[in-house]
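Here the structure comes first, spelled out in structure tokens, and everything after it is commentary.
The values are calculated or read from the model by the stated rules, or taken from the named source; none is laboratory data. What you see is a predicted model, and the numbers here were worked out from it, not measured in a lab. Backbone-built Cβ (ideal geometry, glycine too); neighbour counts: all protein chains shown.
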Amino acid sequence: MVKDPIGKYSNIHTQNINILPVFFAVRFETNSGSNVPDQSIVYGGKVTMPPDPTRAGYYFAGWYKEPSLTNKWDFATDTVKGDTVLYAKWVGIISVDITWGSMEFTFTTNNGEWNPETHTYENTSSGSWTYNTDANKITITNHSNAGISVSLKYESKAGFSNITGTISNNSYTLPTAEGVLPANAPTGISYLTLSGIVGYGHGAQQTIGTVTVQIGD
């Protein structure tokens, strides 16, 4: 710059300074799922939610911030502060076969005392339950690509609270069937036995209770 005799400067130049935005790479780790393209997001920007990846035998359960899949990424509120990796969470699809025996039982009791008013035998103090081979058998086969837990419970119907149902092997786990031939899929077997007295006032065939099977992961 040059100062003239009256104190003014000449040849003064100005230059604009532009600050360029900083972009960071966002990568999607699909954990054996289909490919999801990377994104380039400006600092403080939000990631665009991509189409869900796919994986045979699993359903997609969201993107997470760390490999441990602890904190889910919120596309509406979370922003990019640096290079970022998002991790896909997968949940195995549960596929289970349950095979029931006929669940038909026969109760044989002593006659007791006939009550002509109610047309039933009373004071029947003993009896026995019988069934055909494997009629009381419950077979559960896991075809899932994840391990499962199994629990079974017997409940008496109204009017048969004096009948008790006992299920052997009523709580157990089955490993994943991934990589296993269907014929060799993990299988659990339980049996139902009954105890208690049924009076003659009941019909020849009655539903006296139910068995509930609960499957968990």
*asked:* Checking the structure you have, find out if any residue of region 153-162 is modelled with pLDDT of 95 or more, surrounded by 13 or more Cβ atoms within 10 Å (Cβ to Cβ) and not polar (S, T, N, Q).
replied: yes
*Can you work out which of the residues in region 41-60 that are in contact (Cβ under 8 Å) with a residue 24 or more places away in the chain and either under 19 Å from the mean Cα position of the chain (by Cα) or assigned to a strand (DSSP E or B) (or both) is farthest from Tyr87 (Cα to Cα)?*
Val42
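At pLDDT below 90 and more than 23 Å from Tyr59 (Cβ to Cβ), is that true of Ser128?
yes
Criterion first (in a loop (DSSP other than H, G, I, E, B), modelled with pLDDT under 90 and in contact with a Ser or Thr (Cβ under 6 Å, 6 or more places away or on another chain)) does Ala135 satisfy it? Spell out how you get there, then give the answer.
Numbers: in a loop (DSSP other than H, G, I, E, B): yes; modelled with pLDDT under 90: no; in contact with a Ser or Thr (Cβ under 6 Å, 6 or more places away or on another chain): yes.
So Ala135 does not fit the description; no.
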*What number of residues within region 41-79 are surrounded by 14 or more Cβ atoms within 10 Å (Cβ to Cβ) and at pLDDT below 95?*
3
*Within region 1-40, can you find the residues that are at pLDDT 95 or above, surrounded by fewer than 11 Cβ atoms within 10 Å (Cβ to Cβ) and more than 13 Å from Val80 (Cβ to Cβ)?*
Asn35, Pro37
*Has region 81-95 got any residue that is modelled with pLDDT under 95 and touching a His at 6+ places or on another chain (Cβ under 8 Å)?*
yes
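Just to check your reading of the model, which residue among Gly101, Gly62 is in contact with a Lys or Arg (Cβ under 8 Å, 6 or more places away or on another chain) and in the same structural domain as Val150 (by TED's automatic domain parsing)? Outline the logic, then answer.
Values: Gly62 fails: in the same structural domain as Val150 (by TED's automatic domain parsing).
Going through Gly101, Gly62 in turn, just one is in contact with a Lys or Arg (Cβ under 8 Å, 6 or more places away or on another chain) and in the same structural domain as Val150 (by TED's automatic domain parsing): Gly101.
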